[in-house]
Amino acid sequence: MLLYTRKTTASERGNFGLRERMLFCLRRSPLPPRELMEILGMAKSNLALLAAKCERDGLIEKRRKQSDGRAIAYYLTPKGETELTDRLTDIEKKFDKVITDEKEKAEAAESLDKAAELLSYL
């Protein structure tokens, strides 16, 4: 699967990568850059580039933490939340095309919900 995704274009695999993982992490709660770096396994410079692109796209915001005015954290914006919801909806639609049995569909949807929750903890 990994080899396949490396050979496909971003549009063929649905653009589900580090950007979406970052959005899932921020869905649970705002995070400082150091924690995001650890969760995503990224270098500081790579996270800065990814975060800057997501900020330009309006998916996240970088703000000072309310509890400590000196520290910054990344926050998911409503637009970022909408993009995540849209991605999950797209995946569910693909399930509907592939899985026609209602019981299997319900099980797949439950698994998808669990996967989304797991991603928010990673």
Task: Candidates Leu88, Leu84, Leu50, Leu59, filtered to the one that is modelled with pLDDT under 80, open to solvent by less than 60 Å² (accessible area, probe 1.4 Å) and closer than 20 Å to Arg27 by Cβ - done: Leu88
TODO: Just need a number here: residues in segment 107-122 that are farther than 16 Å from Met22 by Cα and open to solvent by less than 60 Å² (accessible area, probe 1.4 Å).
DONE: 3
TODO: Would you be able to tell me the number of residues in segment 1-22 that are at pLDDT below 90 and not in a loop (DSSP other than H, G, I, E, B)?
DONE: 14
TODO: Return the only residue of Ala43, Ala73 being open to solvent by less than 60 Å² (accessible area, probe 1.4 Å), in contact with a strand residue (DSSP E or B) (Cβ under 7 Å, 6 or more places away or on another chain) and either at pLDDT below 90 or among the small types (Gly, Ala, Ser) (or both).
DONE: Ala73
- [ ] Sort out which residues of segment 12-50 are among the small types (Gly, Ala, Ser) and within 12 Å of the chain's Cα centre (by Cα), and write them in order of number.
- [x] Gly17
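The values are calculated or read from the model by the stated rules, or taken from the named source; none is laboratory data. Bear in mind that the values here come from a model prediction, so they are computed numbers and not experimental data. With ideal geometry, Cβ positions are generated from the backbone for all residues, glycine too; neighbour counts draw on all protein chains shown. With ligands, DNA and RNA removed, areas are computed over all heavy atoms of the protein, side chains included. Shrake-Rupley method; radii C 1.70, N 1.55, O 1.52, S 1.80 Å.
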